[in-house]
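Chemist: Have a look at this one before I ask anything.
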Amino acid sequence: MAGSSWPTKAQLHEIRNKVSEISGRHAEEVQVVVSPYRICPLGAHIDHQGGIVSAMTINKGILLGFVPSGDSQVFIRSGQFKGDVRFRVDEIQQPRNTVKKIDLTHASDTAKVQEASGWGNYARGAVYALQSRGKYLAQGIIGYICGSENLDSSGLSSSAAVGVAYLLALESANNMKVSAIDNIEFDRLIENEYLGLRNGILDQSAILLSSYGCLTCMNCKTKEYQLIRPSKLHNSHKILLAFSGLKCNLTTNPGYNCRVAECQEAARVLLRASGKDEVEPLLCNVKLEDYEAHKCKLKPIPAKRAEHYFSENMRVIKGLEAWASGNLENFGKLISASGLSSIHNYECGCEPLIKLNEILQKAPGVFGARFSGAGFRGCCLAFVDASRAEEAAAYVREEYSKHQPELASQLNLDSAVLICEAGDCARVI
Ligand code: GLA
């Protein structure tokens, strides 16, 4: 695990002491799940259609300190959210389907959004996922969870990092050996079945499989993955995260599931036109030549979603080559092209994010930029020349506050633009 600068010894020490206070156990007995946030430079919005995606983790994320509770009780306190979570692992959990039919795209009331999403749902969702695959738990946990400051609901997949953290803690407390691939599936059950978000497996694959310095490539149809280490070292770049000030949890936003349905509509028409009605309507089941032959039959909205899918798959494949050969200029250009396709074909960037993306494109030393995550809120990411990262960050901070003064004023000046590095995979220490 050498390489990632997170978590520090001081952060681990602090979390062990918190759990010791809550549980009355010795700090040395406390184990900590380290579950990093992820970025997806290429492969946006195609995981739910079985596409090929690329991802890596960063040196920030979720820490969950825990001890086995000694019985079936779960007790969790959060560093960010109010209220303790208490339940028993031997209670049978039922799906909650929290995806609301309300539009909170522009919600600024973070507390309301958090309340709607219910932070404790992820712990219950982890128990649900394990139970629904026949893994019944006897042992609960007493834990304290906290995320890197101000980064929740930012498009860095804090929800998958939280889900993975609870899975790893519960499995460890119950002496269960579970492979990364099985945990990818368990986290999918938390999001798709328990919470009702129809997302793909990009987030948890990145969190569970990534390795410092590599780009993780996941085929979301076959579940085959590769870790791509560049032929020459990329120590010349940093990852810039620029925050918009817009926060909205995906499970409270209907926009995400709506785009998934539009992609499936495109797949249905293309499969029917190519005589494959019986195949599951996912764009990965449509051959490129069938898409080319029948795309004229698509209505305007499904046509744009399909164009994003097929062009993004191609960008991922070119991007893997660029990364492997250490060509950050080409890698960056593909990221920016991917961002434009998300805006014009997938139509999911909101105005402040689009402006922020434009600002990043002009910032000194930036190889390429796009918005992170689903694009309805959160942050933009950029790959930047390491020697110009500070200059780029200062430029973005200043320009964004000129264009979006109200949103920029809600951001903490120190954390409005962060200079990050790559991280490792989720683990228990
Ligand atoms: C969110 C979803 C992922 C993926 C991205 C967009 O993070 O959870 O499954 O679709 O958006 O690439």
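Chemist: With contacts defined as alpha carbon pairs under 8 Å and 6 or more residues apart, what's the relative contact order of the range 9-229 in percent?
Modeler: On the way: 428 pairs, mean separation 63.0, N = 221.
Value for the range 9-229: 29 percent.
Chemist: Counting Lys +1, Arg +1, Asp -1, Glu -1, what net charge surrounds Ala408 among other residues with beta carbon under 11 Å of its beta carbon?
Modeler: Details: positive: Lys355, Arg397, Lys402; negative: Glu398, Glu399, Glu406.
Residues near Ala408 contribute 0 overall.
Chemist: From the mean inverse distance of alpha carbon pairs (Kirkwood) and the Cα radius of gyration, derive Rg over Rh for the chain.
Modeler: On the Cα set of the chain, Rg over Rh gives 0.96.
Chemist: Compute the Rg to Rh ratio over the range 9-229 from the alpha carbon atoms, using the Kirkwood formula for Rh, and round to two decimal places.
Modeler: Here the Rg-to-Rh quotient is 0.95.
Chemist: Just to be sure I understand: with springs between alpha-carbon atoms less than 10 Å apart, which residue in Ala123, Ala160, Ala324 has the highest mean-square fluctuation in the Gaussian network model of the chain?
Modeler: With Cα springs under 10 Å in the chain, the top fluctuation among Ala123, Ala160, Ala324 is at Ala324.
Chemist: FRET efficiency for Gln73 and Ala261, Cβ-Cβ distance as r, R0 = 30 Å, nearest 0.05?
Modeler: 0.15
Chemist: Let me ask you something else. Please compute the contact order of the chain in relative form: average sequence separation of alpha-carbon pairs under 8 Å and at least six residues apart, divided by the residue count, as a percent. Please list the in-between numbers first.
Modeler: On the way: 947 pairs, mean separation 102.4, N = 429.
Across the chain, relative contact order equals 24 percent.
Chemist: Turning to a different aspect of this structure: Report, in whole Å, the centroid distance computed from the Cα atoms of the range 268-332 and the range 386-416.
Modeler: 35
Chemist: Here is a further query. Ratio of the range 250-353's C-alpha Rg to 2.2 N^0.38 Å, to two decimals?
Modeler: My calculation over the Cα atoms of the range 250-353 gives 1.18.
Chemist: Trypsin sites (Lys or Arg not before Pro), restricted to the range 1-102: which are DSSP loop and have at most 12 other Cβ atoms within 10 Å? Don't skip to the answer; put the middle values down first.
Modeler: Details: sites: Lys9, Arg16, Lys18, Arg25, Arg38, Lys60, Arg77, Lys82, Arg86, Arg88, Arg96, Lys100, Lys101; in loops: Arg25, Lys82, Arg96, Lys100, Lys101.
Counting only loop positions with at most 12 other Cβ atoms within 10 Å, the trypsin sites (Lys or Arg not before Pro) in the range 1-102 are Lys82, Lys101.
Here, each number is a calculation from the coordinates, and none is a lab measurement. Remember, it's a predicted structure, so these values are computed and weren't measured experimentally. Cβ: placed from backbone, ideal geometry, glycine included. Neighbour counts: every protein chain shown.
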